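K.L.:
Here you go, one structure.
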Amino acid sequence: MEAKRGIALLAAAFVVSPLALGLGIILLIAASDDDDGGGGGGDFGLAGGALRVGPGYVPAKYAALIEKAAADCDQGLPAGILAAQIKAESNFNPKAQSKDANGNPIANGIAQFIPGTWESSGIDGNGDGKKDVWDPEDAIPSQGKMMCELLKTAKKHPEYNGSPIELALAGYNAGWGRVQQYKGVPPESFADGQTYNYVNFIMAEQSKLTAPDTSGDPEMSGEWTKPVNAPLGTPYHQSGGMWSSGYHTGIDFVAGIGTPIRAAGPGKVVSASRVNAYGRQVIIRHADGMYTQYAHMSQLKVSAGDTVKGGQVIGLSGADGNVSGPHLHFEVRTSPDYGTDIAPLPYLRKKGVNL
């Protein structure tokens with residue numbers, strides 16, 4: 001069957017259905033009866049203040065479902081991740097169907113569940129008494145539930161290569177067994193890089209589908225910069241018993257007590273408080289939907305709700321919380337929650353910061 005407009009992303013050869021790779025299936029061809037869902041919606045707007053809605057972004061009719069599926073997860077699952085997954089799996093087409101090289105159907109619906117996975121993981125999301133893989137009101141909550149469970153499992157393996165979100169995405173795409181096999185996101189050498197590219201695509205795409213938070217605030221301005229004038233210390237993902245996760249979720253800057261800490265980029269302060277192991281910390285949400293965290297400060301200079309410029313002083317370095325000496329602990333996250341960290345240095349370098 002001819003692939004319809006809006007499903008070209010699947011036909012581009014690196015996106016596969018959940019667990020498909022674990023079954024040895026490589027070639028997928030998405031097909032549908034019509035073009036519906038390929039980028040609908042009205043004017044640009046917000047869905048729950050998080051998703052960017054409109055042509056080329058998230059169709060309005062699915063935004064609330066995606067937001068709720070993310071909110072129902074207690075593991076810090078960003079709505080933008082679910083939206084980017086759906087875009088990769090089906091380009092928001094509820095009638096998408098993937099087939100193998102012989103034309104046999106292997107994955108169905110907006111979230112591209114294979115029959116076995118749907119049987120074990122599908123839920124009746126809308127409470128109508130049946131679970132229907134072709135119904136987004138069932139498929140999207142099922143996708144969120146499966147991702148939430150994978151994210152919870154991923155957090156138990158800090159020794160694996162990749163952040164919990166990246167590991168969960170790899171598990172959704174290739175099966176958790178492949179993540180265990182490679183002790184992390186499968187490398188490019190696995191299945192022609194399909195899972196590796198899938199994870200990278202979604203991590204990049206989620207920020208495009210997440211709307212900036214400008215609710216009633218003045219327009220953000222300022223450049224991106226190094227968060228503190230100090231040398232780098234402990235690197236990202238170093239393992240050790242000092243951290244409850246078993247590994248370092250950010251990077252450290254060796255800064256003496258009282259050194260000014262600056263916002264790495266323009267954004268809105270979503271948290272400025274004292275949090276046990278992190279001590280005094282600030283979390284900032286940026287226009288690309290990502291968050292930066294600054295921890296162990298001796299003094300806070302901003303409050304939740306403040307809009308800050310890049311380079312603006314937000315606090316002073318210290319040794320508050322679980323530390324062995326004064327320093328700045330810095331994270332980049334896909335949500336404000338612990339466990340959604342990504343590698344900070346590549347992110348900052350893409351913003352033009354020299355490190």
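K.L.:
Which members of the stretch 297-318 meet the condition of being open to solvent by 10 Å² or more (accessible area, probe 1.4 Å), more than 13 Å from Pro227 (Cα to Cα) and either part of a strand (DSSP E or B) or among the β-branched types (Val, Ile, Thr) (or both)?
P.N.:
Ser298, Gln299, Leu300, Val302, Thr307, listed by residue number.
K.L.:
I'd like the residue in the stretch 116-135 that is open to solvent by 20 Å² or more (accessible area, probe 1.4 Å) and of a type in the set (Ser, Thr, Tyr) and, out of all such residues, is farthest from Ser239 (Cα to Cα).
P.N.:
Looking at residues that are open to solvent by 20 Å² or more (accessible area, probe 1.4 Å) and of a type in the set (Ser, Thr, Tyr), I get Ser120.
K.L.:
Could you run through the stretch 257-282 and say how many residues are more than 13 Å from Gln293 (Cβ to Cβ) and open to solvent by 40 Å² or more (accessible area, probe 1.4 Å)?
P.N.:
Residues meeting the conditions: 5.
K.L.:
Restricting attention to the stretch 307-334, which residues are of a type in the set (Ser, Thr, Tyr) and within 27 Å of the chain's Cα centre (by Cα)?
P.N.:
Across the stretch 307-334, the qualifying residues are Thr307, Thr334.
K.L.:
Identify, by number, the condition in (1) among the basic types (Lys, Arg); (2) in contact with a Gly (Cβ under 9 Å, 6 or more places away or on another chain); (3) open to solvent by 40 Å² or more (accessible area, probe 1.4 Å) that Arg285 doesn't meet.
P.N.:
(3)
K.L.:
What is the one condition in (1) under 29 Å from Val53 (Cα atoms); (2) open to solvent by 20 Å² or more (accessible area, probe 1.4 Å); (3) in contact with a Leu (Cβ under 9 Å, 6 or more places away or on another chain) that Asp100 does not satisfy?
P.N.:
Unmet condition: (1).
K.L.:
Hey, could you check the stretch 136-173 for residues that are open to solvent by 10 Å² or more (accessible area, probe 1.4 Å) and charged (D, E, K, R) and say which is farthest from the chain's Cα centre (by Cα)?
P.N.:
Ranking the candidates gives Glu137 first.
K.L.:
Just checking, does the stretch 106-115 include any residue being assigned to a helix (DSSP H, G or I), modelled with pLDDT of 90 or more and either over 30 Å from His248 (Cα atoms) or open to solvent by 20 Å² or more (accessible area, probe 1.4 Å) (or both)?
P.N.:
The initial filter retains those residues of the stretch 106-115 that are assigned to a helix (DSSP H, G or I), namely 115.
Filter once more, keeping what is modelled with pLDDT of 90 or more: 115.
Going one step further and asking which of them are either over 30 Å from His248 (Cα atoms) or open to solvent by 20 Å² or more (accessible area, probe 1.4 Å) (or both), we end up with 115.
Among the residues of the stretch 106-115, at least one is assigned to a helix (DSSP H, G or I), modelled with pLDDT of 90 or more and either over 30 Å from His248 (Cα atoms) or open to solvent by 20 Å² or more (accessible area, probe 1.4 Å) (or both), which makes the answer yes.
K.L.:
Output the residue which, of all residues in the stretch 174-206 that are of a type in the set (Ser, Thr, Tyr) and in a helix (DSSP H, G or I), is farthest from the chain's Cα centre (by Cα).
P.N.:
Tyr182
K.L.:
Moving on to the next point. Name the single residue, out of those in the stretch 319-339 being out of contact with any strand residue (DSSP E or B) (no Cβ under 7 Å at 6 or more places or on another chain) and among the small types (Gly, Ala, Ser), that is most open to solvent (accessible area, probe 1.4 Å).
P.N.:
Ser324
K.L.:
Let me ask you something else. So which residues in the stretch 116-144 are out of contact with any helix residue (DSSP H, G or I) (no Cβ under 7 Å at 6 or more places or on another chain), in contact (Cβ under 8 Å) with a residue 40 or more places away in the chain and part of a helix (DSSP H, G or I), if there are any at all?
P.N.:
The answer is Gly116, Thr117, Ala139.
K.L.:
Test each condition in (1) open to solvent by 10 Å² or more (accessible area, probe 1.4 Å); (2) touching an Asp or Glu at 6+ places or on another chain (Cβ under 7 Å); (3) closer than 17 Å to Ala204 by Cα for Ile342 and report the one that comes out false.
P.N.:
(2)
K.L.:
Select, from Ala272, Ala343, Ala287, the only residue that is of a type outside the set (Phe, Trp, Tyr), at pLDDT 90 or above and out of contact with any Lys or Arg (no Cβ under 7 Å at 6 or more places or on another chain). Spell out the reasoning first.
P.N.:
Numbers: Ala343 fails: at pLDDT 90 or above; Ala287 fails: at pLDDT 90 or above.
Testing whether each residue is of a type outside the set (Phe, Trp, Tyr), at pLDDT 90 or above and out of contact with any Lys or Arg (no Cβ under 7 Å at 6 or more places or on another chain) leaves just Ala272.
K.L.:
Is it true that some residue in the stretch 244-253 is open to solvent by 10 Å² or more (accessible area, probe 1.4 Å), at pLDDT 90 or above and in contact with a His (Cβ under 8 Å, 6 or more places away or on another chain)?
P.N.:
Checked against the condition, which is being open to solvent by 10 Å² or more (accessible area, probe 1.4 Å), at pLDDT 90 or above and in contact with a His (Cβ under 8 Å, 6 or more places away or on another chain), the stretch 244-253 yields at least one hit.
The values are calculated or read from the model by the stated rules, or taken from the named source; none is laboratory data. Everything numeric in this text was worked out from a predicted model, so none of it was measured. Here the Cβ is made from the backbone with ideal geometry for all residues, glycine too, and neighbour counts use every protein chain on show. Only protein heavy atoms, including side chains, enter the accessible area calculation; ligands, DNA and RNA are left aside. Shrake-Rupley method; radii C 1.70, N 1.55, O 1.52, S 1.80 Å.
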